[in-house]
Amino acid sequence: MNLTPFAYLGAALAEIAGCFSFWAWLRLGRSPFWLVPGMISLALFAWLLTLVDSDAAGRTYAAYGGVYIAASLGWLWAIEGLRPDRWDITGASICLVGAAIILLGPRSI
């Protein structure tokens, strides 16, 4: 079973949650204790990216960028209560196509 889609989705959720803990602390006036689960979440994010089936870290990270963009718009809607507009959806779709090309494109040796 290929874990790549699950690794990318989990990494995106972990990264967004970790970054949001800093946002909550600095921008929303929440307790600095929000940083503890945030730091754990960011460490989980980094570990999950190591599970992606790719021969190069840079390629893994580049393809992840498209997944991160789409997941961030999901966060915008689910957590922040703002529905992405057609430009958000169009941009995220383009990024996901780009991520797929990077990760799945044929490689010459």
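Adding -39500 (n - 2.57) for every DSSP H run of four residues or longer, then dividing by how many residues the chain holds, sets the calculated 222 nm ellipticity at -25500 deg cm²/dmol. Remark: accessible surface ordering of PHE33, PHE22, PHE45, PHE6 (largest first) is PHE33, PHE6, PHE22, PHE45, probe radius 1.4 Å.
Between ALA24, ALA14, ALA43, the GNM of the chain built on Cα springs shorter than 10 angstrom shows ALA24 fluctuating the most. The stretch between THR90 and SER31 holds 17.6 nm of extra length on full extension. This uses 0.36 nm per residue minus the Cα-Cα distance.
Could you work out the relative contact order of segment 3-104, using alpha carbon pairs under 8 angstrom and six or more residues apart, expressed as a whole percent?
After rounding, I find 30 percent.
Computed over protein heavy atoms with a 1.4 Å probe, the accessible surface of segment 4-109 works out to 65 Å² per residue.
Quick one: ranking ARG86, ARG59, ARG107 by accessible area, 1.4 Å probe, largest first, what do you get?
Numbers: ARG86 170, ARG59 70, ARG107 120 Å².
Solvent-accessible surface, decreasing: ARG86, ARG107, ARG59.
So, with a 1.4 angstrom probe, what is the percent of accessible area on the chain that is carbon and sulfur?
Working: 5150 of 7270 Å².
Ligands and nucleic acids excluded, carbon and sulfur give 71 percent.
The values are calculated or read from the model by the stated rules, or taken from the named source; none is laboratory data. Every value quoted in this text rests on a predicted model; they were computed, and no experiment measured them. Just the protein is used for accessible areas: all its heavy atoms, side chains included, with ligands, DNA and RNA removed. Shrake-Rupley method; radii C 1.70, N 1.55, O 1.52, S 1.80 Å.
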